[in-house]
Amino acid sequence: MELFRLSIVYLHLIACCVAIGLVLTSDIAMVKQLIKGDTAEKQETEQLNSLKKTVTLALVALWITGIAIVWLDVSVKGFAAYFSNPKMQAKLTIVALLTLNGFVLHSAVMPAMEKAGSLLQMAFNQRMLAIFAGAVSAVSWFYAAMLGVGRPLAWKYSIVQLLAAYPALIVTGFIAMVTLTVWSKYRSDLDFSQFAEAHSRTMK
């Protein structure tokens, strides 16, 4: 039984690592694009679709392996004892929010980004939603991973204490990305206006 549980935990860990790696590389690529301020650089549709499919599969794998782990542990420890653990409650909360946020990303944000071509070219409301959903996604994946490996946290802290940093990190990430986006768009618009002015002078 222990070997079987270990194999499931291993698959659970791999799925988490794959998702975190993809989210991290995608976020880094987007930050680089914002720093460059290149609104003409479009997100590749195939890349977005591949990212969407892979992260979705990883999330499904996390749910399946997670449910299997919970079932095995509950069969040994009992339902009440297992789910009364604040760390487990916090982890389930994060995973539920991550799943809901993933639905928003895949149904609203990514289609809008594909249509616009890039984050900077999206409408204001769509861009704010994309930034917020992206912040929730990045923070949630890393937070869930931290809770997953944080055995010393079990029973030492309440669920409120365990999740205290979660909204703060999301707000911090959101503000940072909004600031970077505003700066990038301002610089891009300024460069375009300077180019247009220089072009008009040349035409004269």
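Please say if the stretch 51-100 is rounded, prolate or oblate, where rounded means a/c under 1.5 for a ≥ b ≥ c the square roots of the C-alpha gyration tensor eigenvalues, and otherwise the choice is prolate for a/b larger than b/c and oblate otherwise?
Oblate is the answer for the stretch 51-100, as a/c is 1.5 or above yet b/c matches or exceeds a/b.
For the chain, would you read off the P(r) tail past 20 Å as a percentage of all alpha carbon pairs?
Values: 12882 of 20706 pairs.
Roughly 62 percent, once rounded to a whole number.
Taking a virtual spin label 7 Å from the Cα of LEU180 along the C-beta vector, which residues in the stretch 16-37 bring their backbone nitrogen under 15 Å of it?
Counting backbone N atoms under 15 Å from the label point, the list is 23-37.
Return the FRET efficiency for the residue pair ALA154, VAL18: r is the Cβ-Cβ distance, R0 is 25 Å, and the value is rounded to the nearest 0.05.
Numbers: r = 26 Å, r/R0 = 1.02.
Using R0 = 25 Å, I get an efficiency of 0.45.
Return the calculated 222 nm mean residue ellipticity for the chain, to the nearest 500 deg cm²/dmol, obtained by summing -39500 (n - 2.57) across DSSP H runs with n ≥ 4 and dividing by the residue count.
-28500 deg cm²/dmol
At 0.36 nm per residue, and after removing the present C-alpha to C-alpha distance, how many nm does the segment from ALA96 to PHE79 gain when stretched out fully?
4.2 nm
On a 0 to 90° scale, report how tilted helix 45-77 is relative to the longest principal axis of the chain, with both axes built from alpha carbons and the result rounded to the nearest 10.
Helix 45-77 sits at roughly 20 degrees to that axis.
Given a Förster distance of 22 Å, report the FRET efficiency between ALA168 and ASP27 from their Cβ-Cβ distance, rounded to the nearest 0.05.
That pair, ALA168 with ASP27, gives E of 0.75.
For the stretch 112-187, which chymotrypsin sites (Phe, Trp or Tyr not before Pro) are in a loop by DSSP, counting at most 16 other Cβ atoms within 10 Å? All intermediate terms of the calculation are to be shown ahead of the outcome.
Details: sites: PHE124, PHE132, TRP141, PHE142, TYR143, TRP155, TYR157, PHE174, TRP183, TYR186; in loops: TRP155, TYR157.
Passing sites in the stretch 112-187 are TRP155, TYR157.
Count the lysine pairs in the chain whose Cα atoms lie under 26 Å apart, taking only pairs 8 or more positions apart in sequence or on different chains.
For the chain, qualifying lysine pairs total 23.
So how tilted is helix 2-36 from the main axis of the chain? Cα-based, degrees 0 to 90, rounded to 10.
Here the helix axis deviates by roughly 10 degrees.
Using only the alpha-carbon atoms, how far is helix 124-149 inclined from the longest principal axis of the chain? Give it as 0 to 90 degrees, nearest 10.
30 degrees
Read-outs throughout are calculated quantities, based only on the coordinates presented, and are distinct from any laboratory measurement. What you are looking at is a predicted structure, and each value in this text was computed from that prediction instead of being measured. Cβ atoms come from the backbone with ideal geometry, glycine included; neighbour counts cover every protein chain shown.
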